[in-house]
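A short worksheet on the structure shown next.
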Amino acid sequence: MGIETEYGIAEPGRPMANPMLLSSYVVAAYAGTQLHRAARARWDYDDEDPLQDARGFHLDRASAHPSVLTDDPAHPAPSGDTAPGDVPARRRPGAPQSRPRLPVEEYEDPGAANVILTNGARLYVDHAHPEYSSPEVTSPRDIVTWDKAGEEVMLRAARIVAVNPALPDVTLYKNNVDGKGATYGTHENYLVDRAVPFAEIVDVLTPFFVTRTVFTGAGRVGIGPVGQLAGFQLAQRADYIEAEVGLETTLRRPIINTRDEPHADPERWRRLHVIIGDANMLEVATFLKVGTSSLVLWLLEHRDAVPHAVAAVRSLRLVEPVGAVQLVSRDLTMTTRLALADGRRLTALEIQRCYLEAVRSGLEEAATPPDAATAEVLDRWESVLTRLATDPASCAREVEWLAKLRLLEGLRRRDHLSWDHPRLAAVDIQWSDLRPERGLYHRLLEAGAVERLVDAEAVSRAVHEPPTDTRAYFRGRALARFGAEISAASWDSLIFDVPGAATLQRVAMRDPWRGTEAHVRELLDSSGAASELLEKLMGPRGFTGAA
Amino acid sequence: MSGQQRSERHHDDDADAPEPISPPTAAQARDTEVDALLEEIDGVLESNAESFVRGFVQKGGQ
């Protein structure tokens, strides 16, 4: 799994500054810190297909909104709020494949700024925002670590821009709304067994995503897409969710997004692309968001072994899911009852508890004792749900909307402010300012008022080093070792351009579980040059052969 | 916990309404903690909140 965030970007004092340009400064500044040539390597778009729909059809390119077309570097996708392919060839994983060299350098422009990092992440400009897409990880704690590393990457980039007298100051925010109608995303990605029917994913995950807001919401001052009503709500994104299921991500945003672009062998996996979530500064919020969602997906992947548990969550279908997104987000008491298709009326907390109990009973049903990471998620999930029902204030160190609301309510009480006072809106924005000296989340962290899950040293390491237990290890380490000879990369490929070789060599990585430290460390360490590595990959103990 | 719904409770129970309960000490301690946090952030809050908020304009994304 992984998480990708489009950061808010501003030039202080110049609201009309060109955000595409500012974003490209950020990405280019960080690219300059990367010693490897891949800092200017192209993204390999061959396997990207944002128009492939999980429901089994393919959106025609000409009928797609331009902002959805994110796979063409010569034409960066415009912002979703402005007026308005081919299915990839199947390749066998394993040995490198020859590719022709292009006679001239491909066209690059600022909107296509793109860096692949030695930690396996991608940093680029998307929709007039700088975006960090984390490397693939396998545990909720690792998500937190590499997500926080992304904040650090962005912060370092902005600092480099700041000290360059030729460039404007840039401030970055990890949030999802500007309060004037614009929203930008934080997307979770989960690798899911292709055998799970997509309709089951829709049925089981819709009520889950609608109600998990009680512990995933980042909090927002203002209600309605342009904040037309004064007040506070749990989620940043709730007012921009307009459909139950759909392919689009920049307009008519759905609860369940159907983009079916697995970045892996499509016969074995799909990538569930989740766009309903908020950007979280609080580590426990990110941990729970990704941890609980993975466990519900586990239920679906094991549905044959856990029929009772799956039946229990399938019965949670809501009568009006889209309306419920907003109901849950606007209910600070968490007591509103949602109508279920079977006639029951349950609160968001009760629905979440049904999922928790289903996962617990599913683990028993399948006779799978939870591993340490699973047990940690289950215990925290249960503890937070219990305390949200009995003593929500006790969750202010873990649940982001409560941490933010605590500050806002404090200000309201002390300074007698009504909800439409601009100071409260300013607090909401400054909450996610990445600068430790200015960001309000960071001031709380410094004061010990929010919980930290991963230590700062691990995050610093993750700025440069990839996770060890996915293909991100191969991507990141290969870039660090042989970056000078890598001309392009993507989630599931590296393209080597080795001096003297007749053609480019493309190494496909269609299995995200391959290319781990255990698989390829020896291969990488024992190769003195990229050409040697490629030779070994061609051999019998190649990339996928090494066990 | 409060939010916007704080002041709506007190009308329906009249006859044997209990004496207003003084906030539990835990809540007092929390208020004190919040006040300390507010002092901590007062120094970094944008001094001209209105123009700061007005100037925070983003393009829509995904």
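The values are calculated or read from the model by the stated rules, or taken from the named source; none is laboratory data. Keep in mind that what you see is a predicted model, and the values were worked out from it rather than measured. Every residue, glycine as well, gets a Cβ built from its backbone with ideal geometry; the counts of neighbours run over all protein chains shown. Each accessible area value is taken on the protein alone, full model and side chains, heavy atoms only, with ligands, DNA and RNA left out. Shrake-Rupley method; radii C 1.70, N 1.55, O 1.52, S 1.80 Å.
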How much accessible area is lost when chains B and A come together, counting both sides, with a 1.4 Å probe, in Å² rounded to the nearest 100? 4000 Å²
Between the stretch A:362-398 and the stretch A:492-525, what is the C-alpha centre distance in whole Å? 39 Å
May I ask you to compute the full-extension gain from residue A:199 to residue A:311, defined as 0.36 nm times their residue separation minus their alpha-carbon distance, rounded to one decimal in nm? 38.9 nm
Which FRET efficiency value, to the nearest 0.05, do you get for residue B:33 and residue A:526 by plugging their Cβ-Cβ distance into 1/(1 + (r/R0)^6) with R0 = 51 Å? 0.35
Cross-link pairs beyond the 22 Å C-alpha cut-off, checked among A:404/B:59; A:174/A:289; A:148/A:180; A:180/A:289: A:404/B:59; A:148/A:180; A:180/A:289
Return the sequence-ordered ³J(HN,Hα) values of the stretch B:26-32 in whole Hz as given by the Karplus equation 6.51 cos²θ - 1.76 cosθ + 1.60 applied to θ = phi - 60°, using x for Gly and Pro. 4, 5, 4, 4, 5, 4, 4
Let's see if you can work this out: charge +1 on each Lys and Arg Cβ, -1 on each Asp and Glu Cβ, no other charges. What is the dipole magnitude of the protein assembly as shown about its Cα centre, in debye to the nearest 20? 880 debye
Evaluate E = 1/(1 + (r/R0)^6) for residue A:447 and residue A:379, where r is the Cβ-Cβ distance and R0 equals 30 Å; express this FRET efficiency to the nearest 0.05. 0.70
q = 0.19, 0.20 Å⁻¹: log10 I(q)/I(0) that the Debye formula gives for the stretch A:329-416, counting C-alpha atoms only: -0.98, -1.03
Using a 1.4 angstrom probe on protein heavy atoms only, which residues from the stretch A:6-21 are buried by at least 30 Å² of accessible area when all chains are present rather than their own chain alone? A:15
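Quick one: compute a quarter of the convex hull surface over the Cα atoms of the stretch A:468-546 and quote it in nm².
On the way: hull surface 18.2 nm².
Taking a quarter of the hull surface, the average projection is 4.6 nm².
Keeping every protein chain present and rolling a 1.4 Å probe, give me the accessible area per residue for the protein assembly as shown in Å².
Details: 24230 Å² over 609 residues.
Ligands and nucleic acids excluded, the result is 40 Å² per residue.
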Whole-percent carbon and sulfur share, accessible surface of the protein assembly as shown, 1.4 Å: 52 percent
Can you list the GluC sites (Glu not before Pro) in the stretch A:230-283 that are in a DSSP coil and have 13 or fewer other beta carbons within 10 angstrom? A:267
Which distance in nm do the two modelled labels at residue A:244 and residue A:320 give, with both placed 7 Å along the Cα-to-Cβ direction? 1.4 nm
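Using alpha-carbon pairs under 8 Å, 6+ residues apart, how would you state the relative contact order of the stretch A:324-454 in percent? Before the final figure, lay out each step's value.
On the way: 86 pairs, mean separation 15.9, N = 131.
It comes to 12 percent, rounded to a whole number.
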Between the residues A:462, A:305, A:70, the Cα farthest towards the positive end of the dipole of chain A, that dipole coming from +1 and -1 charges on the beta-carbon of Lys, Arg, Asp and Glu, is from A:462
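Roughly how many debye, to the nearest 20, is the charge dipole of the stretch A:470-532 about its Cα centre, given +1 on each Lys and Arg Cβ, -1 on each Asp and Glu Cβ, and no other charges? Mind showing how you got there, number by number?
Values: 8 positive and 8 negative charges, 39 e Å.
With Lys and Arg at +1 and Asp and Glu at -1, about 180 debye.
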Phi-derived 3J(HN,Hα) across the stretch A:248-262 with the Karplus relation (6.51, -1.76, 1.60, θ = phi - 60°), rounded Hz, x for Gly and Pro, is 6, 10, 10, 7, 6, 5, x, 5, 10, 8, 9, 4, 10, 10, x
Lys/Arg +1, Asp/Glu -1 at C-beta; chain A dipole; positive extreme among A:240, A:519, A:335: A:335
Counting only helical runs of four or more DSSP H residues, what would the 222 nm mean residue ellipticity of chain A come to if each run contributes -39,500 (n - 2.57) and the total is spread over all its residues? -11500 deg cm²/dmol
Using a 1.4 Å probe and ignoring any ligands, DNA or RNA, find the accessible area of residue B:44 and quote it in Å² to the nearest 10. 20 Å²
May I ask you to evaluate 6.51 cos²θ - 1.76 cosθ + 1.60, the Karplus curve with θ = phi - 60°, for each residue of the stretch A:424-436 and list the ³J(HN,Hα) values in order in whole Hz, giving x for glycine and proline? 6, 5, 5, 4, 4, 6, 5, 3, 9, 4, 6, 6, x
